[in-house]
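Asker: The structure that follows is given in the form of structure tokens.
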Amino acid sequence: MAEHILAALVEHKPGVLYRVSNMFRRRNFNIESITVGVSEVKDLARMTITVRGDELTVEQVIKQLQKLVDVIKVSRLNPDRSVVRELALIKIHTSDSKAKGDVVNYANIFRGRIVDVSRDSMIVEITGSPDKIDAFVELMRSYGIKELARTGVVAMSRGLKSLKVEE
Amino acid sequence: MKMSGSQAIVEALKREGVKTIFGIPGGAIMPVYDVLYDEKEIRHILMRHEQCAAHAADAYARVTGGPGVCMATSGPGATNLVTGIATAYMDSSPVIAITGQVPTSLIGKDAFQETDIIGITTPITKYNYQVRSVRDIPRIVKEAFYIATAGRPGPVLIDLPKDMQTGVDDIDFDVDVEIRGYRPNLDPHPLQVKRAVDLLVEAERPIILAGGGIHWSNAYGELLRLAELLMAPVVTTFMGKGVIPENHPLCLGCIGMHGRVEANKSIMMADVVLAVGVRFSDRSTGKVDEFCTEAKIIHIDIDPSEIRKNVSVHLPIVADAKRALNAIIDELTRRGLKREKSEWLKRVETLKKEYADTEPKGELTGANAVKVLRKVLPENAIVATEVGQNQMWASLHFKVLKPRTFISSGGLGTMGFGFPASLGAKAARPDVPVVDIAGDGSFLMTEQDLATSVTEDLPVIVMVLNNSSLGMVAQWQRLFFGRRYSHTDLKGIPDFARLAEAFGARGVRVHSLNELEQVLKEAVRADVTVVIDVPIPREENVLPFVPPGKSLREMII
Ligand SMILES: Cc1ncc(C[n+]2csc(CCOP(=O)(O)OP(=O)(O)O)c2C)c(N)n1
């Protein structure tokens with residue numbers, strides 16, 4: 001089933017994340033990822049939600065989100081016309097110098113950065129589309145991944161189109 | 001104005017026009033009750049269970065068309081409200097629930113009678129608030145009433161920590177509410193209205209499916225005018241029962257699992273269905289994949305999320321039902337539509353004659369008792385029901401003649417709803433007779449509020465259709481579980497007449513239809529609650545019946 005990216009402006013107050021995630025659980029929708037942070041407006045937070053489902057399901061997800069009093073605006077992002085990014089921190093097992101060299105090389109190819117080195121591990125910080133991060137994580141598996149932390153997706157439409165609250 | 005949070009909440013409620021509160025006090029709400037002690041303009045009705053307080057407030061809302069208010073303490077008081085709040089949520093009823101809460105300094109510490117009522121009620125309220133500053137009280141109350149009643153109505157809960165009740169601050173009631181996240185769209189899109197009219201004008205077999213939304217939008221007159229203009233038959237959902245007088249020639253009654261035969265048959269033959277204020281619940285549509293597959297469906301609803309939630313529709317109109325119907329009427333009138341009685345209508349009328357209800361005579365049965373009740377009651381009497389066979393007999397055989405006179409838990413199907421609902425209805429309309437059509441099982445779930453009915457002077461009639469069993473469950477066991485009556489035998493306990501007398505109400509057991517009619521006539525005139533124990537056969541089935549998962553075509557008649 002296709003993955004869809006939604007962006008929502010919500011009231012920046014306690015309990016909003018609970019209301020949103022609770023709605024997803026109760027309505028039997030599948031969230032792939034959800035991220036929350038501040039937005040350009042002081043009292044609004046921005047959520048980026050990725051969901052799996054067919055057309056009808058996404059339509060319902062959007063309507064059910066809009067129905068929540070604390071949700072001000074929801075829009076569906078066109079993946080081809082949006083910047084979609086995720087950040088990952090990956091701690092990789094690197095006991096010998098060959099492994100260390102490999103990881104540095106791969107990290108360079110993926111435009112990742114080595115942010116920590118210890119005797120037998122390294123942490124790579126990598127930003128990009130979820131696909132790119134998936135690919136990098138796959139490559140690192142053969143060395144042994146000790147820890148993996150991903151932020152979930154944030155996204156924004158390119159150009160003029162933007163998510164704004166009408167007055 | 002300097003005042004305490006409890007004074008502020010009571011004042012704010014008065015400013016919203018609240019006349020009645022149903023509730024029970026307790027530790028965490030005592031400061032508010034202390035203010036209510038001297039209150040002259042608000043009548044507080046002391047219930048005997050918080051579930052009943054919520055149901056009574058719900059019924060008060062359904063009968064008046066405005067908000068109903070209930071109040072409880074924290075912890076168990078609040079959790080006892082939950083079934084009532086969920087019931088109101090499922091049937092879109094504007095209940096305002098006010099709960100006490102432990103002081104803010106103790107929240108999260110598992111203090112005595114602390115419960116996370118915000119967490120618990122988030123999925124069953126339209127919105128909920130926990131007051132965190134005394135000064136916010138006027139705004140929160142105003143918003144709560146707005147959210148509860150605007151657009152598609154629904155319950156809103158306000159949780160009041162004890163320090164927010166005792167705290168004193170400068171309170172300003174002159175606040176504007178502006179909720180940017182909730183602005184229901186009221187006016188229909190003109191182009192969609194034109195398209196709807198195109199479909200209706202071309203239809204050969206049009207039908208109107210009217211739901212509970214007509215009640216909340218107060219669109220009774222518009223519905224009737226449109227039906228008469230189109231000369232189209234009207235069927236309703238269970239929640240829509242009574243949106244059109246059920247003795248009107250165009251009304252066919254309810255569709256659904258226990259819908260009327262003529263209604264189910266007709267809607268399945270229609271080529272255009274104009275659905276207004278309905279949500280196509282599974283109990284109404286039967287097997288949804290086979291529901292009106294040949295027809296074009298126009299769906300009017302104020303809640304955009306109802307469009308295409310359960311059935312795919314041809315033409316959605318997101319708007320207030322009254323405004324949408326008016327727009328359609330205007331457009332039809334502009335086009336000068338004049339309909340004669342069509343072949344279709346004649347066919348429907350033949351069906352209606354064929355399956356018309358017979359006069360009640362002979363045995364004392366559930367169906368007959370309900371018919372007798374209709375004969376005895378004046379048109380404006382209010383009827384509430386419990387859940388089970390009693391409810392479905394009421395749906396099938398009690399013809400509702402006036403708006404807002406039939407109250408039942410449709411969405412949640414809450415046993416124990418009917419009796420406290422009848423008390424809430426009586427509080428709202430002391431001038432009309434109020435009857436709870438009950439089953440013995442359901443009545444036993446909330447019968448303790450006979451005490452409320454006697455002490456608060458809320459005389460109602462409870463007609464217990466007593467089959468000594470959890471009848472509806474027993475019916476399913478009879479039909480689908482090879483008569484294995486697992487735990488549905490109630491063994492004829494208690495003696496309802498004596499139970500009523502113990503509470504200071506009147507109790508009578510009747511033995512025949514004639515006797516029932518006599519007793520009902522006296523009960524309507526009585527100024528005390530009367531419980532009528534009506535013994536009916538255990539094995540009586542509610543028919544017709546569309547078995548679960550089957551299409552409306554597959555009725556057992
Ligand atoms: C609170 C609650 N518990 C259980 C049920 C399941 N249930 C539906 S109908 C029914 C039997 C109702 O019995 P009674 O009130 O005697 O009515 P009857 O069907 O006999 O008319 C039951 C147990 C319910 N709807 N509500």
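Asker: Add +1 for every Lys or Arg and -1 for every Asp or Glu among the other residues with Cβ under 14 Å from the Cβ of B:Leu191, and state the total.
Answerer: -1
Asker: Could you tell me the distance between the Cα centroids of region B:1-56 and region B:293-323, to the nearest Å?
Answerer: Centre-to-centre (Cα) distance: 39 Å.
Asker: Let me know the mean shielding of B:177-183 by other chains, meaning the per-residue number of their Cβ atoms within 10 Å of its Cβ.
Answerer: Average per residue, whole number: 5.
Asker: Also: Rounded, prolate or oblate: which fits chain B, taking a ≥ b ≥ c as square roots of the Cα gyration tensor eigenvalues, rounded meaning a/c under 1.5, else prolate when a/b beats b/c? Walk me through the intermediate numbers first.
Answerer: Working: a/c = 1.95, a/b = 1.21, b/c = 1.60.
It is oblate, given that a/c is not under 1.5 and a/b is not larger than b/c.
Asker: Take the protein assembly as shown, drop everything but the C-alpha atoms, weight them equally and run the Debye formula without solvent; then report log10 I(q)/I(0) at 0.07, 0.11 Å⁻¹ to two decimals.
Answerer: Listed by q, the Debye log ratios stand at -0.57, -1.20.
Asker: Okay, next question. What angle, in degrees between 0 and 90 and rounded to the nearest 10, separates the Cα long axis of helix A:55-67 from the longest principal axis of the Cα atoms of chain A?
Answerer: 70
Asker: Right, here's the next one. Could you work out, for region B:366-535, what percent of all Cα-Cα pairs fall into each 5 Å distance bin, beginning at 0 Å and stopping at the bin that holds the largest distance?
Answerer: Result, from short to long distances: 2, 9, 19, 24, 22, 14, 6, 3, 1, 0 percent.
Asker: Using the Karplus curve 6.51 cos²θ - 1.76 cosθ + 1.60 with θ = phi - 60°, what ³J(HN,Hα) values do you get for each residue of region A:31-39, in whole Hz, with x for Gly and Pro?
Answerer: 8, 7, 8, 9, 10, 9, x, 6, 10
Asker: Which order results if B:His44, B:His258 are arranged by neighbouring Cβ count within 10 Å, fewest first?
Answerer: In order of increasing Cβ crowding within 10 Å: B:His44, B:His258.
Asker: Something else about it: Could you order peptides A:140-153, B:23-36 by the average number of other Cβ atoms within 10 Å of their residues, highest first? Write down the numbers at each step before the final one.
Answerer: Working: A:140-153: 14.9, B:23-36: 20.9.
Output ranking for A:140-153, B:23-36: B:23-36, A:140-153.
Asker: Which net charge results for the neighbourhood of A:Ser95, defined as the other residues with beta-carbon distances under 10 angstrom from its beta-carbon, given Lys and Arg at +1 and Asp and Glu at -1?
Answerer: Local charge sum for A:Ser95: +1.
Asker: Here is a follow-up. Over 19 Å between Cα atoms, which of B:Lys361/B:Lys521; B:Lys194/B:Lys322; B:Lys241/B:Lys550 qualify? Walk me through the numbers before you get to the answer.
Answerer: On the way: B:Lys361/B:Lys521 17 Å; B:Lys194/B:Lys322 16 Å; B:Lys241/B:Lys550 22 Å.
Among B:Lys361/B:Lys521; B:Lys194/B:Lys322; B:Lys241/B:Lys550, the Cα-Cα distance tops 19 Å for B:Lys241/B:Lys550.
Asker: Taking the simple approach of a point 7 Å from Cα along Cα-to-Cβ for both A:Glu3 and B:Val177, what is their distance in nm?
Answerer: According to this spin-label approximation, the distance is 4.1 nm.
Asker: Restricting to Cα pairs below 8 Å that are 6+ residues apart, what does the relative contact order work out to for region B:458-557? Please round to a whole percent.
Answerer: Normalised by residue count, the contact order of region B:458-557 is 34 percent.
Asker: Cα centroids of region B:166-185 and region B:492-524: how far apart, whole angstrom?
Answerer: 49
Asker: Gap in Å between the Cα centre of region B:204-238 and the Cα centre of region B:69-105?
Answerer: 34
Asker: So what's the back-of-envelope 222 nm ellipticity for the protein assembly as shown, counting only DSSP H runs of four-plus at -39500 (n - 2.57) apiece and dividing by all residues, rounded to 500?
Answerer: -10500 deg cm²/dmol
Asker: Treating only the Cβ of Lys, Arg, Asp and Glu as charged (+1, +1, -1, -1), what charge dipole size does chain B show about its Cα centre? Round to the nearest 20 debye. Before the final figure, lay out each step's value.
Answerer: On the way: 63 positive and 68 negative charges, 293 e Å.
Dipole magnitude for chain B comes out near 1400 debye.
Asker: Here's something else I'd like to know. Return the long-range amide H neighbours of B:Asp159 (sequence gap of 5 or more, or a different chain), with a cut-off of under 5 Å between placed amide H atoms.
Answerer: Placed amide hydrogens put B:Thr99, B:Tyr129, B:Gln130, B:Val131 under 5 Å from B:Asp159.
Asker: Per residue of A:61-70, what is the mean number of Cβ atoms on other protein chains within 10 angstrom of that residue's Cβ?
Answerer: 5
Asker: Cβ neighbours within 10 Å, averaged per peptide: list B:524-531, A:2-9 in order, most packed at the top.
Answerer: Those peptides, ordered most packed to least, come out A:2-9, B:524-531.
Asker: A follow-up question, please. Express as a percent, rounded to the nearest 5, the fraction of DSSP beta bridges in the protein assembly as shown (both residues included) that run antiparallel.
Answerer: On the way: 51 of 114 bridges.
Close to 45 percent.
Asker: 5 Å is the cut-off here: which amide hydrogens, built 1.01 Å from N in the peptide plane, fall below it relative to B:Val435, excluding neighbours closer than 5 in sequence?
Answerer: Distant-sequence amide H within range of B:Val435: B:Ile382, B:Val383, B:Ala384, B:Ile461.
Asker: Sticking with this one: Highest mean first, what order results for B:87-94, B:309-316 on Cβ atoms within 10 Å?
Answerer: Going by the mean number of other Cβ atoms within 10 Å, highest first, we get B:87-94, B:309-316.
Asker: Defining a contact as two alpha carbons under 8 Å apart and six or more residues distant in sequence, what relative contact order in percent does region B:2-170 show?
Answerer: Worked out over region B:2-170, it gives 29 percent.
Asker: A further question follows. Give the order of A:Phe110, B:Phe496, B:Phe480, B:Phe22 when sorted by the count of other beta carbons within 10 angstrom, beginning with the fewest.
Answerer: Lowest count first: B:Phe480, A:Phe110, B:Phe496, B:Phe22.
Asker: Partner chain Cβ atoms within 10 Å, averaged over the residues of A:3-11 - can you pull that number for me?
Answerer: Taking all residues of A:3-11 together, the mean is 1.
Asker: Taking the beta-carbon count within 10 Å as an exposure proxy, list B:Cys254, B:Cys52, B:Cys70 from fewest neighbours to most.
Answerer: Neighbour counts put them in this order, fewest first: B:Cys254, B:Cys52, B:Cys70.
Asker: Continuing with the same structure: If you place +1 on the Cβ of every Lys and Arg, -1 on the Cβ of every Asp and Glu, and leave all else neutral, what size is the dipole of the protein assembly as shown about its Cα centre, to the nearest 20 Debye?
Answerer: It works out to roughly 1440 debye.
Asker: Using amide H atoms built in the peptide plane, which far-off residues or other-chain residues are under 5 Å from B:Arg205 H to H?
Answerer: B:Asp271, B:Val272
Throughout, read-outs are computed from the coordinates displayed, never taken from laboratory work. What you are looking at is a predicted structure, and each value in this text was computed from that prediction instead of being measured. Here Cβ is always computed from backbone atoms with ideal geometry, including for glycine, and neighbour counts include all displayed protein chains.
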